[in-house]
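*Asks:* Can you keep this structure in mind? I'll have questions shortly.
The values are calculated or read from the model by the stated rules, or taken from the named source; none is laboratory data. Given the structure is predicted, the values throughout are model-derived calculations rather than measurements. Note that we place each Cβ from the backbone using ideal geometry, even for glycine, and neighbour counts take in every protein chain shown.
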Ligand SMILES: Nc1nc2c(ncn2[C@@H]2O[C@H](COP(=O)(O)OP(=O)(O)OP(=O)(O)O)[C@@H](O)[C@H]2O)c(=O)[nH]1
Ligand SMILES: [Zn+2]
């Protein structure tokens, strides 16, 4: 046992009676935990999962617990950082995770090739903060990608334009913020600098009490920001020059870092790269203004190419919708479809197999009824295209 959660604000905080308040414990989690409490289990938030064991933060401190009882073949149900869990004793009296509480939000990675299922990278995240460095030219497509991903998780996205100290001209900065707002409807865009402290207090206020992940490419300033928010060196910062916006991946720790005023930062290496993300429904939210326009098109199935009464093309024509937004939306939809197709390839192969079996059975039945020639003119039954 170490790092005992201790709340210095105990007398003023309604949740302070609970040692996990600092780690995001709230009424919702408490309700979900009731049956486990009745079973004599201990609540915990998972800080790290590593080779069949986990680091779990309990009201009495951090324990290393087994995860055998919650082991499953389904990667979307693997225990992950940010999960709430119920801990009990194994046969030898050592702590082990007995159950995972239902997740409110989840960051999934669609893993490539062999494994078709997605792996959960972080659970129960409230704020998905996308860090974008102003040291390099803004890559709007990349911002759209991260924002889609954030929406998909169920968390509220927030875009940070980091290193504002590199953009001393306020008009230029205002333009960069406006450009970013254009590609992130419904998302707050906040300029910050770890160097000058600009925006840091506001950011801290926005994140207090919740669970936050920092997304963004290497060199965006995530580790520096983490240290700034926490007020001490908790993440190693890459000192390699990042004038080109690139950098070596330096973060090795996967962790749950408590913020001084409450709430946690979840920092898992897998979340840091863009990789193969299954944006799913998040795309619709990331391009909400286009979805809204599309609902006003004359034709329900308008493709926004040259159809009469197309509200999307009209908006492009009158300048209220930048054309690159539509291009970008199309591109990400295509990408997502390709990814979904790959994800589903195994599933469809299985369906095809079943379909063939049904066809064969149908033919066989028919041949038994009418003799081998009778079934020739009709397709074997039972199938339908179905996939
Ligand atoms: N000028 C300026 N530089 C910054 C600021 N924040 C971070 N940097 C620098 O940017 C570089 C990258 O910062 P990191 O915090 O390591 O970036 P990261 O996103 O954590 O990178 P990875 O750990 O590789 O994912 C470092 O050289 C930092 O010193 C800032 O506010 N202003
Ligand atoms: Zn249209």
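*Asks:* Which one is surrounded by the most Cβ atoms within 10 Å (Cβ to Cβ) among residues in the stretch 177-200 that are part of a loop (DSSP other than H, G, I, E, B) and touching a residue at least 60 places away in the same chain (Cβ under 8 Å)?
*Replies:* Kept after step one, since they are part of a loop (DSSP other than H, G, I, E, B), are these residues of the stretch 177-200: 183-187, 192-199.
Of the ones still in play, those that are also touching a residue at least 60 places away in the same chain (Cβ under 8 Å) are 183-186.
Details: 183: 22, 184: 24, 185: 16, 186: 13.
If we take residues in the stretch 177-200 being part of a loop (DSSP other than H, G, I, E, B) and touching a residue at least 60 places away in the same chain (Cβ under 8 Å), then 184 is surrounded by the most Cβ atoms within 10 Å (Cβ to Cβ).
*Asks:* Taking the stretch 125-174 on its own, how many of its residues are in a helix (DSSP H, G or I), in contact with a strand residue (DSSP E or B) (Cβ under 7 Å, 6 or more places away or on another chain) and at pLDDT 95 or above?
*Replies:* Matching residues across the stretch 125-174 total 2.
*Asks:* Within the stretch 292-319, restricting attention to residues that are out of contact with any helix residue (DSSP H, G or I) (no Cβ under 9 Å at 6 or more places or on another chain) and part of a loop (DSSP other than H, G, I, E, B), which residue is farthest from ligand 1 (Cβ to nearest atom)?
*Replies:* The extreme case among them is 308.
*Asks:* Going by what's in this entry, would residue 74 be described as outside the structural domain of residue 208 (by TED's automatic domain parsing), under 24 Å from residue 267 (Cα atoms) and out of contact with any helix residue (DSSP H, G or I) (no Cβ under 8 Å at 6 or more places or on another chain)?
*Replies:* Numbers: outside the structural domain of residue 208 (by TED's automatic domain parsing): yes; under 24 Å from residue 267 (Cα atoms): yes; out of contact with any helix residue (DSSP H, G or I) (no Cβ under 8 Å at 6 or more places or on another chain): yes.
When the stated conditions are applied, residue 74 passes them.
Okay, residues lined up against (1) in contact (Cβ under 8 Å) with a residue 40 or more places away in the chain; (2) closer than 21 Å to residue 25 by Cα; (3) surrounded by fewer than 17 Cβ atoms within 10 Å (Cβ to Cβ); (4) not assigned by TED's automatic domain parsing to the domain that holds residue 123:
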{"position": "54", "(1), (2), (3), (4)": "yes, yes, no, yes"}
{"position": "62", "(1), (2), (3), (4)": "yes, yes, no, yes"}
{"position": "65", "(1), (2), (3), (4)": "no, yes, no, yes"}
{"position": "79", "(1), (2), (3), (4)": "no, yes, no, yes"}
{"position": "92", "(1), (2), (3), (4)": "no, no, yes, yes"}
{"position": "98", "(1), (2), (3), (4)": "yes, yes, no, yes"}
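*Asks:* Does the stretch 10-26 contain any residue that is part of a helix (DSSP H, G or I) and modelled with pLDDT of 95 or more? Steps first, answer last, please.
*Replies:* Our first condition is that a residue be part of a helix (DSSP H, G or I); within the stretch 10-26, this holds for 10-12, 21-23.
Those left that are additionally modelled with pLDDT of 95 or more: none.
Looking through the stretch 10-26, none of the residues is part of a helix (DSSP H, G or I) and modelled with pLDDT of 95 or more.
*Asks:* Turning to a different aspect of this structure: Considering (1) near ligand 1 (Cβ under 10 Å from one of its atoms); (2) more than 19 Å from residue 141 (Cα to Cα); (3) at pLDDT 75 or above, say which one residue 214 fails and leave the rest.
*Replies:* All conditions are met except number (2).
*Asks:* Which of the residues spanning the stretch 174-209 are within 13 Å of ligand 1 (Cβ to nearest atom) and over 25 Å from the mean Cα position of the chain (by Cα)?
*Replies:* 195, 196, 197, 198
*Asks:* How do the pairs read when you match residues in the stretch 120-143 that are without any contact (Cβ under 8 Å) to a residue 40 or more places away in the chain with residues anywhere that are within 16 Å of ligand 2 (Cβ to nearest atom) and assigned to a strand (DSSP E or B), using Cβ under 9 Å and keeping only pairs 6 or more apart or on different chains?
*Replies:* Hits for this filter: zero, empty list.
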